[in-house]
Structure formats: structure tokens, C-alpha cells
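A.B. asks: After the C-alpha cells below, expect a handful of questions from me.
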Amino acid sequence: MINSYDEALSFIHGRTKFKKIPTLKRMRRFLDDLGAPDKQINAIHIAGTNGKGSTLAFLRNILQADGHTVGSFTSPFLIKFNERISVNGVPISDAEILRLAQFVYPEVEKLDKELPEGGPTEFEIITAMMFKYFSEGHADIVLIEVGLGGLLDSTNVILPKLSVIVTIGWDHMHILGDTLPKIAYQKAGIIKSGVPVIVGNIPPEPLNVIKHVAHEKQSPIQMFNIDFRVVDRGVQNWIQQFDFEAGTFHFNNLQTSLLGDYQTHNAGLAIQAYLTYCSQTHSTVNRQSVIDGIKETRWAGRFEKISSRPTIVIDGAHNISAVDQIVPLIQTTFTNGHVFILMGILADKQADKMVEKMGTISNASIILTSFKGPGNRHAANPDQVKDHVIKDGETVTTIKNWRDAIKSTLSKMHDDDMLLITGSLYFISDVRKYLETN
């Protein structure tokens, strides 16, 4: 039996991560035996390679400003496990994690004995805990972020009010497929029959896959730059401004502290999701909720300024698609001074391509480092990555201890310089804790 919060985490993290044959049948059996809590919640389902968390945060804040109590299910966590299940942005308590783990534990033991492949995985257990918690009425609406892919993700048992697909990019190719259309097919798996789907700024080939699935499911589809649009107005004093329009709705000079064109695109998706949800539920659109919700949104670890003197920013650009988004932001916004980029990347990512892309920033130096990855996943070897990407005139160095790398870099910085710490979300989680206590 589980008797403490720490024992609950050990139970959860001690489970297998994946099964040889992915399926939703085990998850459905698990939830049905628990009383089908997933069928008792009001939800919006969000998938995508990057931007899921930011889109969720924008939408959560708009809905909160509208007077709703909003539940969230996100991954991974940045500081503490409890962040994965939150209400109005506040993680649930240790006592609730313990209670929920105790609730699912007997069923996990039972399925371990009955199923040939064994019982639920780690993520299936966390998902079931989330469904149980929100089935108890702790939120008016729950925003559910897909863990991996979509089609066979354990969250995909839900029948939501609407679905959102934020981006399609290169990540988890060994699981989702080696082309963008294949990855798009997995993400499009969250589209349900007759349920509206809102789609972000996605290239034509993968977009065609999503459109085809939506057509097959007879799901109304709303697409970025066709059914709704965002016009970026630039960055001033760490505030991004933009306009949004969709049909008769126009919002000018919206403001957010989440920087980058990709963040205004995420905000646009959130606004369109809110408009659609209001239509679905026959609710009145509150313009001030949109304005206030966008302005108040914060999302830790997404181009987050930790310090002003000196300027230190952390960002979880954990794959090549995320790096492709962050590079233009730096090139257009941070042209004064030098940019020091400290990168800690997981070995199963495209580390060489990520570093090469960062190397296109003319006023930047790259420092590669290492860190302790989660479970059996480990960081890419900095020296090996450097050997693969080094070019004439490119400044790439390695310092294996990331704490030493931060101290060394800070000692070289001038007033106009910036230290950007990026790579794995697990890496910046450790960095954030360190910087907050030093």
C-alpha cells in the first residue's frame, strides 16, 4: 500500500514508460474499472509538436478571466510533479497526489495480474489520476495536453468539446514517423467525429493530412491564416504586441509577455478556441476576458527572463522545431550586445541540427553542457556534438558541468549581453531551481 507522497511518486515513476504494442484498449479498461471518470468532465484537447503548453496557458487565462474555474493537465513539470494537475494554474496538493495514487493502486495491481503485457504505464496512471480528480467537480472545464503524439496517447479516450492542433514539427520520429505527414496523422488522431478542430500555422503537406482526417470525421475545421489571423506588431520593453481577427471579431494591440511570433500564433489559437467554445456552449464572448487573459498569461520556461542584471533567459527549446522558432526572435529582437547560449540537450534529440541552427545567430556564442536526464534518458555528450557541428568561424565551446558553465559565462558578460539557457525542459528545470536559490 502507498502511505506517503514520496511513496506515491515512487509508485508512479517506477512504472514502465512504454509497452511494446501501443494501444488505447488497456487505458479504456483501466478507466472503465475505475468508473469511467473521463466521461464525467468537460474538456478541450490540445496536441502539437511545440506550443501546447503556451496555448493552454493563454486559453486558461482567458477562461479564468471569463469567470470559469479551469483545470489543466500538462507535461512535463518544471519544478514539482504536482504541476501536471492544476486548478486555475495552482498545482494540486501533496495530499491529493497521495489520495489519487491510493485510489488507482488496487486497480493497477489487479491489471498487472490479469493483462499479458502487464498493467498501466506511468503516463496512463497519471492520466487516470487526472481524470479521477476532475470527475469530482474541481473545475468547470479541463484543458488536456497530449503527452505524446495523439492517436494512441492515453489522453485520447476523451470526447472533448473541441480539439486544438498547435504545430507539426520534428520530434519523437522513432515513435510518430519519419515524415511530417506521418507525424501529422498521429496528431490528427485527437480529432473526434463532429467535434470542431482548430489548427495552427502548419505547413501544407501535414495540413492536408489533418484536413483529410477532419473531413472523414465530419469535424468542422478552422485554420490559421484562413479562418482566423494574427498580425504581429513587434516587441517593446519585453512586451509583444499583436492584432487578432476572425470573422466579425477584431482585437487590436493585444499584449503578452511571452515573446516571439510563434507565441502570438499560440495566443491566436487560444482566442479562436475561446470563441469556438463560447459558440459550442451558447455563451457570450467577453472581449475584456480576451484582452486581460492574454496580458496576464505567464508560462515558466518559455523565453522566461529570470534576471535583468545581468539578463538571463531560460527557454525549453527541446527540439529542432522549437529552435527554428527561437532563432528569428533572437535575430530580430536582441541585436545589441552578445548572446551567450548555454545548451543542454537530450541524446535522443537532433542535437547537432539544433546547435547548427543556433550557430546561424551572428552575435552569439554557444556553450554545450551536460546534465542528468530523467530515468534512463541521458544528455548528449557535449564534446561529441561539438565535433559534429564545428565550422570555420563558429564559436562553440564545451563545459560539462552546467553550474560551472553558468558561472564562467556570467563572469564574461557586459551590460548589453544576454545569457540564454536552453535545450531540454528537464535541464532548464534544474537550472531554474539553481538560479532561484543562488
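A.B. asks: Has the stretch 173-182 got at least one residue that is farther than 29 Å from Leu31 by Cα and either open to solvent by less than 30 Å² (accessible area, probe 1.4 Å) or in contact (Cβ under 8 Å) with a residue 60 or more places away in the chain (or both)?
C.D. replies: Within the stretch 173-182 (the criterion being farther than 29 Å from Leu31 by Cα and either open to solvent by less than 30 Å² (accessible area, probe 1.4 Å) or in contact (Cβ under 8 Å) with a residue 60 or more places away in the chain (or both)), the answer is no, since none of the residues qualifies.
A.B. asks: Look through Tyr262, Tyr185 and report the one residue that is closer than 28 Å to Ser424 by Cα, within 17 Å of the chain's Cα centre (by Cα) and aromatic (Phe, Trp, Tyr).
C.D. replies: None of the others qualify; the one that does is Tyr262.
A.B. asks: Name the single residue, out of those in the stretch 13-35 being out of contact with any Asp or Glu (no Cβ under 6 Å at 6 or more places or on another chain) and outside any loop (DSSP other than H, G, I, E, B), that is most open to solvent (accessible area, probe 1.4 Å).
C.D. replies: Applying the filter and picking the extreme gives Lys25.
A.B. asks: For the stretch 220-231, which positions are in contact with a Gly (Cβ under 9 Å, 6 or more places away or on another chain), under 12 Å from His265 (Cα atoms) and open to solvent by 40 Å² or more (accessible area, probe 1.4 Å)?
C.D. replies: Across the stretch 220-231, the qualifying residue is only Arg229.
A.B. asks: Can you tell me which residues in the stretch 258-298 are part of a loop (DSSP other than H, G, I, E, B) and surrounded by 18 or more Cβ atoms within 10 Å (Cβ to Cβ)?
C.D. replies: Leu258, Leu259, Gly260, Thr297, listed by residue number.
A.B. asks: Would you mention how many residues in the stretch 323-350 are open to solvent by 10 Å² or more (accessible area, probe 1.4 Å) and of a type in the set (Gly, Ala, Ser)?
C.D. replies: Residues that pass the stated criteria total 2.
A.B. asks: Still on this structure: Does Leu148 fit the bill of being of a type outside the set (Ser, Thr, Tyr) and touching a Leu at 6+ places or on another chain (Cβ under 6 Å)?
C.D. replies: no
A.B. asks: Still on this structure, please answer the following. Would you pick out the residues in the stretch 205-220 that are hydrophobic (A, V, I, L, M, F, W, C) and under 14 Å from Leu180 (Cβ atoms)?
C.D. replies: Residues satisfying the conditions are Leu207, Val209, Ile210.
A.B. asks: Give the residues of the stretch 197-219 that are assigned to a loop (DSSP other than H, G, I, E, B), buried (at least 22 other Cβ atoms within 10 Å of the Cβ) and modelled with pLDDT of 95 or more, sorted by residue number.
C.D. replies: Gly200
A.B. asks: Within the stretch 220-243, can you find the residues that are among the aromatic types (Phe, Trp, Tyr) and either part of a strand (DSSP E or B) or modelled with pLDDT of 95 or more (or both)?
C.D. replies: If the condition is that a residue be among the aromatic types (Phe, Trp, Tyr) and either part of a strand (DSSP E or B) or modelled with pLDDT of 95 or more (or both), then Phe224, Phe228, Phe242 are the ones that fit.
A.B. asks: Based on this model, can you work out whether Asp140 counts as modelled with pLDDT of 95 or more, more than 25 Å from Pro374 (Cα to Cα) and over 19 Å from the mean Cα position of the chain (by Cα)?
C.D. replies: Criteria met by Asp140.
A quick yes/no check of all residues on (1) closer than 30 Å to Gln64 by Cβ; (2) touching a Lys or Arg at 6+ places or on another chain (Cβ under 9 Å):
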position	(1), (2)
Lys305	yes, no
Gly344	no, no
Ala347	no, yes
Thr360	no, no
Asn363	no, no
Phe371	no, no
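A.B. asks: Could you say which residue among Ile312, Ile306 is in contact with a strand residue (DSSP E or B) (Cβ under 6 Å, 6 or more places away or on another chain), surrounded by fewer than 19 Cβ atoms within 10 Å (Cβ to Cβ) and at negative phi?
C.D. replies: Criteria check complete, one pass: Ile306.
The values are calculated or read from the model by the stated rules, or taken from the named source; none is laboratory data. Computed from a predicted model, the values in this text were never measured in an experiment. Cβ coordinates were reconstructed from backbone atoms using ideal geometry, including for glycine residues, and neighbour counts include every protein chain displayed. Just the protein is used for accessible areas: all its heavy atoms, side chains included, with ligands, DNA and RNA removed. Shrake-Rupley method; radii C 1.70, N 1.55, O 1.52, S 1.80 Å.
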